[in-house]
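Single-structure report; data block below.
Computed from the coordinates by the stated procedures, all read-outs in this text should not be read as laboratory data. What you see is a predicted model; the values in this text were computed from it and never measured. Methodologically, a virtual Cβ is constructed for each residue, glycine included, from the backbone with ideal geometry; neighbour enumeration extends over all protein chains shown.
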Amino acid sequence: MIAEIMRKDLEQNRTALAVYAAGAIAFPALAHVFQKSKSVESYLGLIFGLVILGAPLLFGFWFIGQEKAKGTLRILRILPIPEAKLVMAKLALNLGLTAVVLAAVLLGDPWLLRALGASSLEIGFAPVLWMITAGCFCSIVCTCVFIAFEQKVAMQIGYGIMLALTVVSVLAAKYLDHGSGGAAAVRRLLEHPAAPLVALLVLIPVSAAAIRFGGNLIAWRDWSELEEA
């Protein structure tokens with residue numbers, strides 16, 4: 001049943017997904033080619049805004065927000081499937097697509113640019129894992145937000161959360177650039193090869209908690225606002 005729900009979402013949004021994936025892969029590469037500095041930091045910053053923050057919000061809107069607006073989610077709730085499994089299907093699709101797009105961009109773009117002789121961009125394995133971890137975290141947050149709130153409200157909350165994460169990331173980067181005291185210790189910890197893997201493992205119980213939260217919310221929610229949809 002979970003696989004069928006995910007397949008349905010993919011089929012309904014396949015054109016939009018293909019257009020977004022193509023743009024997410026092509027735009028950062030083109031922007032990097034025309035940038036004067038051609039630094040890895042500027043490239044990763046572009047990926048942070050376009051994919052890590054943008055993809056989970058967009059997927060949450062497509063897979064949950066639109067279905068709530070049309071009343072489809074209410075119909076799915078009537079099916080003989082636990083609410084937690086319904087949330088699991090939505091979260092797994094958001095997580096999977098975000099990770100796939102990020103991997104394609106972070107691994108495919110540098111290879112393509114080097115093959116074409118347009119740039120010598122190289123991204124280490126650890127930054128790729130950290131970016132995917134951040135994208136997965138945003139996917140969990142956006143899935144919970146779209147389940148908890150009506151579509152328009154969820155979009156506004158999602159934008160606010162993404163803006164807050166952007167500010168936090170900028171401040172954290174400035175703090176870590178000091179290179180002394182506690183900042184140096186934190187930087188060494190984050191640069192440890194095992195650090196991103198540990199962060200990914202931490203997301204497993206976080207995902208489980210999100211699935212339980214979302215399932216309970218769907219079970220308890222008053223669906224009267226969808227009767228007219």
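Structure notes:
- In the elastic network of the chain, a GNM with C-alpha springs shorter than 10 Å, the most mobile of I157, I47, I64 is I157.
- Ellipticity at 222 nm from helices only: DSSP H runs of n ≥ 4 in the chain, each -39500 (n - 2.57), divided by the residue count, give -24500 deg cm²/dmol.
- Mean projected area of the convex hull spanned by the Cα atoms of segment 1-81, taken over all viewing directions: 6.3 nm².
- Computed magnitude of the charge dipole of the chain (debye, nearest 20; Cβ of K, R +1, Cβ of D, E -1): 200
- Among the listed pairs K36/K152; K8/K152; K38/K174; K38/K90, those with a Cα-Cα distance over 28 Å are K36/K152; K38/K90.
- If only the Cβ of Lys and Arg carry +1 and only the Cβ of Asp and Glu carry -1, the dipole of segment 70-135 around its Cα centre is close to 460 debye.
- Listed residues F149, P56, W111: farthest to the positive end of the dipole of the chain (Cβ charges): W111
- Potential extension, I75-R14 segment - 0.36 nm per residue separation minus Cα distance: 19.8 nm
- In plain terms, the chain from R7 to H192 could stretch by 62.8 nm, reckoned as 0.36 nm per residue minus the Cα-Cα distance.
- Evaluated with a Cβ-only charge set (Lys, Arg +1; Asp, Glu -1), segment 1-102 carries a dipole of roughly 160 debye about its Cα centre, given to the nearest 20.
- Largest GNM mean-square fluctuation across V202, V87, V51, computed for the chain with C-alpha springs under 10 Å, falls on V202.
- For segment 14-27, 3J(HN,Hα) computed residue by residue from phi via the Karplus equation (6.51, -1.76, 1.60; θ = phi - 60°) reads 5, 5, 5, 5, 5, 5, 5, 4, 4, x, 5, 7, 7, 5 Hz, glycine and proline entered as x.
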